[in-house]
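Everything below concerns the one structure shown next.
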Amino acid sequence: MPRQPFVSSRLQGFGTTIFAEMSQLAAKTNAVNLGQGFPDSDGPAAIREIAAAAVLDGPNQYPPIGGHPDLQLAIAEHQSRFWGITLDPSTQVVATTGATEAIAASLIGLCELGDDVIVFDPTYDSYAAGIAMAGARPRPVVLHPTSDQTFGFDEAELRAAFTPRTRAILLNTPHNPTGKVFTTEELSLIAELCIENDVIAISDEVYEHLVFDGRHIPIATLPGMFERTITISSVGKSFSFTGWKIGWATGPAPLITAVRTAKQFLTFATGAPFQPATAAALRLSDDYFSDFVSDMSDRRTIVGEGLVAAGFDVYWPSGTYFVTADVTSAGYRDGIEFCLALPERAGVVAVPSQVFYQDQANGTSFVRLCFAKQPAVLHDAMHRLAQAFG
Ligand SMILES: Cc1ncc(COP(=O)(O)O)c(C=O)c1O
């Protein structure tokens, strides 16, 4: 009998999630699935045509490790056009297999065994696993619900999280699952603490083009931060191509070298025929980006107002395509209990936010719904909720 368990101690506890169970429930009950965090329609046809042509005509062989030079150039142009960040495409940009690999490669490339990595809790689910694979430890700082129904952190808790063991802070703005967009003041405090404590910022900005209130501020643009920040994004969210898995990390050459070194032995190179299409997507006109955000903003309104009409307390997101509702307003105490009952009761699927928390007690009553779905689908879901709860 081989020695058990097979899963290494670093990865134990990451195997099972409630998502599979809920997808099964969704299929069984024919429910409208607002649990899945991806759009139900594909990105621009003109961009898909470029990918299709590349599959037929190439490139189809290993691209260079940093990405095709024209993709590196397009990423650098994008960072300059939207955020005023100037990059050398060949040394300060690396293409990755989605933002997920950029995050994992940053952690593996930078952390010593036993280092601490600060994360804001709740976190996107790959963070804790990426930190574990790097042999580091997560140091959560909780985003508490505030009286104006948004989420914020306590300054003293953040300060206390920075210790001599802290190697990096893994930041996500706009933030999944809360929809929080970090403000200049909040980012300035984080920046000040990074500089004071010689900590690297790994900034996951995959929702950079989905900001409804306020504006997106890359932490790399704050004074003294470029030299200690890895900025990460991908083609998935901004262009509705989540399955292409083309991402990137940008920053100063020594940090990008650390990411490349890890990435080289994880995947070496990434989706050759999707690279020219991703470069073209990054160069789309301003209209594309403004239409995208205004379209998602309309969908946010459908779901936010629908949830309010059905009697839920709603945490309106300032960014991303997720909205948080508090199920205590519907007579439930626990988001998991609510989400397991919801397909039968209302014909809708949502995700319990507590699965995103290191300490689930901090998010017991919250559920997340994704509004990157067709307006008709969203109206249908809201109608079902109104009937079941309104
Ligand atoms: C915050 C956040 N980071 C990263 C990712 C993954 O991005 P990619 O598909 O480019 O790996 C997601 C996807 O849901 C996300 O929500």
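The values are calculated or read from the model by the stated rules, or taken from the named source; none is laboratory data. Source: prediction; values computed, not measured. Neighbour counts are summed over all protein chains in view; Cβ atoms, including those assigned to glycine, are modelled from backbone coordinates with ideal geometry.
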- Query: Within the range 220-235, can you find the residues that are hydrophobic (A, V, I, L, M, F, W, C) and part of a helix (DSSP H, G or I)?
  - Reply: Ala220, Phe226, Val235
- the range 262-273 - residue that is within 14 Å of the ligand (Cβ to nearest atom) and at pLDDT 95 or above and, of those, nearest to Val55 (Cα to Cα): Gly271
- Look at Ala95 and say whether it is of a type outside the set (S, T, N, Q) and in a helix (DSSP H, G or I). no
- Mind counting the residues in the range 124-145 that are modelled with pLDDT of 95 or more and under 16 Å from Thr178 (Cβ atoms)? 7
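Could you list, in sequence order, the residues of the range 159-206 that are outside any loop (DSSP other than H, G, I, E, B) and within 16 Å of the ligand (Cβ to nearest atom)?
Of the range 159-206, the ones outside any loop (DSSP other than H, G, I, E, B) are 159-161, 166-172, 184-197, 200-204.
Those that are outside any loop (DSSP other than H, G, I, E, B) and within 16 Å of the ligand (Cβ to nearest atom): Ala168, Ile169, Leu170, Leu171, Asn172, Ala201, Ile202, Ser203, Asp204.
Out of all the residues in the range 237-261, which are within 16 Å of the ligand (Cβ to nearest atom), crowded, with 24+ Cβ neighbours inside 10 Å and not hydroxyl-bearing (Ser, Thr, Tyr)?
Lys237, Phe239, Phe241, Trp244, Ile246, Gly247, Trp248, Ala249, Val259, listed by residue number.
I'd like to know if the range 78-86 contains one or more residues that are within 30 Å of Glu227 (Cβ to Cβ), of a type in the set (Val, Ile, Thr), in contact with a Lys or Arg (Cβ under 7 Å, 6 or more places away or on another chain) and in a loop (DSSP other than H, G, I, E, B).
Of the range 78-86, the ones within 30 Å of Glu227 (Cβ to Cβ) are 78-86.
The next check asks that each one be of a type in the set (Val, Ile, Thr); those that pass are 85-86.
Going one step further and asking which of them are in contact with a Lys or Arg (Cβ under 7 Å, 6 or more places away or on another chain), we end up with none.
No, because not a single residue in the range 78-86 is within 30 Å of Glu227 (Cβ to Cβ), of a type in the set (Val, Ile, Thr), in contact with a Lys or Arg (Cβ under 7 Å, 6 or more places away or on another chain) and in a loop (DSSP other than H, G, I, E, B).
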- Message: Report every pair of residues separated by at least 6 positions or lying on different chains whose Cβ atoms are under 9 Å apart, first residue within the range 325-337 and touching a residue at least 12 places away in the same chain (Cβ under 8 Å) and under 20 Å from Thr301 (Cα atoms), second crowded, with 20+ Cβ neighbours inside 10 Å and among the β-branched types (Val, Ile, Thr).
- Response: Ala325/Val367; Asp326/Val367; Val327/Val367
- On the given criteria, is Leu342 touching a Leu at 6+ places or on another chain (Cβ under 6 Å) and under 15 Å from Ala310 (Cβ atoms)? no
- Subset of the range 345-387 (residues that are among the charged types (D, E, K, R) and not in a helix (DSSP H, G or I)): Asp359, Arg368, Lys373
- Could you give every pair whose Cβ atoms fall below 6 Å, whose first residue belongs to the range 232-261 and is under 16 Å from Ala168 (Cα atoms), and whose second residue is in a helix (DSSP H, G or I) and near the ligand (Cβ under 8 Å from one of its atoms), counting only separations of at least 6 or pairs across chains? Ile232/Ala99; Ile232/Ala102; Ala249/Ala102
- Query: From the list Phe151, Phe82, which one is over 18 Å from Arg260 (Cα atoms), surrounded by 21 or more Cβ atoms within 10 Å (Cβ to Cβ) and touching a residue at least 24 places away in the same chain (Cβ under 8 Å)?
  - Reply: Phe151
- Query: Say we look at the range 106-148 and pick out the residues that are touching a residue at least 60 places away in the same chain (Cβ under 8 Å) and in a loop (DSSP other than H, G, I, E, B); which of these is nearest to the ligand (Cβ to nearest atom)?
  - Reply: Tyr124
- Query: Would the range 211-232 turn up any residue that is in contact with a Lys or Arg (Cβ under 7 Å, 6 or more places away or on another chain) and within 16 Å of the ligand (Cβ to nearest atom)?
  - Reply: no
- Search result, residues across the range 352-386 that are farther than 16 Å from Gly304 by Cα and in contact (Cβ under 8 Å) with a residue 12 or more places away in the chain: Pro352, Ser353, Gln354, Val355, Phe356, Tyr357, Gln358, Asp359, Asn362, Gly363, Thr364, Ser365
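Scan Val308, Val303, Val314, Val293 and give me the residue that is out of contact with any helix residue (DSSP H, G or I) (no Cβ under 8 Å at 6 or more places or on another chain), over 18 Å from Met22 (Cα atoms), touching a residue at least 12 places away in the same chain (Cβ under 8 Å) and among the hydrophobic types (A, V, I, L, M, F, W, C). Write out each step before concluding.
Details: Val308 fails: touching a residue at least 12 places away in the same chain (Cβ under 8 Å); Val303 fails: out of contact with any helix residue (DSSP H, G or I) (no Cβ under 8 Å at 6 or more places or on another chain); Val314 fails: out of contact with any helix residue (DSSP H, G or I) (no Cβ under 8 Å at 6 or more places or on another chain).
Only one candidate passes the filter, namely Val293.
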- Task: Check the range 327-335 and report whether any residue there is under 22 Å from the mean Cα position of the chain (by Cα), at pLDDT 95 or above and surrounded by 17 or more Cβ atoms within 10 Å (Cβ to Cβ).
- Result: yes
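Somewhere in the range 350-366, is a residue β-branched (Val, Ile, Thr), within 22 Å of the chain's Cα centre (by Cα) and at pLDDT below 95? Write out each step before concluding.
Initial filter on the range 350-366 (β-branched (Val, Ile, Thr)): 351, 355, 364.
Right, trim to within 22 Å of the chain's Cα centre (by Cα) and you get 351, 355, 364.
Subsequent filtering for residues that are at pLDDT below 95 retains 351, 355.
There is at least one residue in the range 350-366 that is β-branched (Val, Ile, Thr), within 22 Å of the chain's Cα centre (by Cα) and at pLDDT below 95.
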- In the range 61-76, what residues are out of contact with any Lys or Arg (no Cβ under 7 Å at 6 or more places or on another chain) and part of a helix (DSSP H, G or I)? Pro69, Asp70, Leu71, Gln72, Leu73, Ile75, Ala76
- Item | Breaking point among (1) farther than 19 Å from Ser297 by Cα; (2) in contact (Cβ under 8 Å) with a residue 60 or more places away in the chain; (3) crowded, with 22+ Cβ neighbours inside 10 Å, for Ile169 | (2)
